[in-house]
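Notes follow the structure.
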Amino acid sequence: MEPKHFYINRRKFLTSSVAALALSSFGAYGLELAYSQKKWRVGLIGCGWYGKSDLFKLIQVAQVEVVSLCDVDQKHLEEAASLVAQRQQSGKKPRLYRDYRKMLAEKDLDIVLIGSPDHWHALQAIEAMESGAHLYLQKPISLDVLEGEAILATARKLGKKVQVGTQRRSTPHLVEGKKNIIDAGLLGNISHVEMCCYYHMRWNANPPVQQVPDHFDYDFWSGPAPLRPYIGLPHRSWRAFMEYGNGIVGDMCVHMLDAVRWMLGLGWPKKVSSTGGIYVQKDSIAITSDTQTAVFEFDELNCIWQHRSWGTPTDPEYPWAFFIYGDKGTFKGSVHQYEFIPNGEGKTIKKDVVYEREKYPEDLKEDGIELHTAPATRAHMLDLLGAIEQDGLPVADVEQGHISTASCIMANLSMGLERPLVYDPQQRIIVDDNQATELLKKQYRGPWQHPSESIL
């Protein structure tokens, strides 16, 4: 009998704080997975900061061969290729593509990671699944609601596993908090949730129109979105424009809403309403709100979101967080910690984020890494592999990613229309609101075609 090969570094896996979480996610099959002989062929679309970071975490925990990389920025491509060659076991540089369609046409990938801007997620996700690959898809999964419906329909039709990058569901201290606080009933009757982001993260600038550099294909980067005047490389700054993303709600609320939904077992909100706008930071070309409140209504439970990209946080220890209120206590959660505060007598329970600097020293050499999220992303990758091999659903399955994404999109639509919205996922309409229903689908720039037109 031939020996089974590790695709996870044995010492790191068995001593890692993530190991128990990963194995509990996989059930009894966890140990088999740790000794799997499978070598995954992987491709990445979008080789910017976070795309590379996701890929590096997968390389750390699985036996993979990164076969191909795609980006419209030649400098991004070349940098990513060099870093991948340094990190993957074979030492090979992947094939490089400027057009993701040519990469997917090879049909030789088991898993595709998508780290492109939001306006590209739907087309790339659907075509990747059609090429035969499973997905690690960054959040939010779509720019509009019907894109998300098309992604979900494709995943179910083709039987593909899609892990959405809402990795709070795999964050070690939050997994522990859910089990020991929420599921254990320490909060009692839960009847209110608050969520917030007070990071000064809005892009506030007014750059001039510039010439597009030769190494960057701006027309292809824009793709189905409107072709705005070029004002410099859009990497990281594209979130300032609603043509490419859904503002701070789509970027940050989606994480916290998804975490709350996961912890409390919530589905679609019954109603979504939102108000806000640009109240303070008016000197920027950015068109996203600097101040916004949203209410996601569930049965006997309101989940309220608030962001300000200016001023000070309400709770300085929890500037981006959720607060779950029960009649027996309060649960505070963030990417850095959680805290349970009982009402009346009892002991406060607090748990800090898990770091794995010693187990994965290469993390310390990764440019721009978010060290506090690295264990969560690694566990998220392991969970995806387990779902593929077990033919189950990953913890952040595409349907859950769609619900969280669409709910945030509806918050923005509600703010613009100045009225509450009720979404019917069966009919894919806003109930009794034809105008809002029309906004569930954005207009694509030709020759690109909205996927809902051929899938739904």
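The numbers here are math on the coordinates, done by the rules we state, and not lab data. Model, not experiment: these values are computed from the prediction. Glycine also receives a Cβ, built like all others from the backbone with ideal geometry; neighbour counts cover every protein chain displayed.
Relative to one another, the C-alpha centroids of the range 122-143 and the range 378-400 are positioned 14 Å apart. Between GLU418 and SER82, the contour length at 0.36 nm per residue exceeds the alpha carbon distance by 116.0 nm.
Across the range 300-377, Cα pairs under 8 Å and at least six residues apart give a relative contact order of 16 percent. Spin-label model, GLN74 to ASP99: label points 7 Å out along the Cα-to-beta-carbon direction sit 1.7 nm apart.
Farthest towards the positive end of the charge dipole of the range 369-456, among the residues HIS450, MET410, TYR423, is the Cα of HIS450, using unit charges on the Cβ of Lys, Arg, Asp and Glu. Structural descriptor for the range 152-247: relative contact order 17 percent, calculated from alpha carbon pairs under 8 angstrom and at least 6 residues apart.
If the chain linking GLU130 and GLU345 were pulled fully straight, counting 0.36 nm for each residue of separation and taking away their Cα-Cα distance, it would gain 71.8 nm. Ordering CYS197, CYS253 by the number of other Cβ atoms within 10 Å of each residue's own Cβ, fewest first, gives CYS197, CYS253. Modelled label positions at GLN390 and ASN434, each set 7 Å beyond Cα in the direction of Cβ, lie 4.8 nm from each other.
Here the peptides 405-418, 175-188 are ranked by packing, the mean other Cβ count within 10 Å, and the order with the highest first is 405-418, 175-188. Which residue, ILE341, GLN74, SER222, has the largest displacement toward the positive end of the dipole of the chain when charges sit on each Cβ (Lys, Arg +1; Asp, Glu -1)? After comparing all options, I get GLN74. Dipole check for the chain: with +1 at the C-beta of Lys and Arg, -1 at the C-beta of Asp and Glu, and the Cα centre as origin, the magnitude is about 940 Debye.
If you average the sequence gap of Cα pairs under 8 Å that are 6 or more apart and divide by the length of the chain, what percent do you get for the contact order?
Here the relative contact order equals 20 percent.
For the range 274-418, a/c is less than 1.5, where a ≥ b ≥ c are the root eigenvalues of the C-alpha gyration tensor. That puts it in the rounded class. Once the C-beta distance of LYS270 and ASP315 is scaled by a Förster radius of 41 Å, the resulting FRET efficiency is 0.90 to the nearest 0.05.
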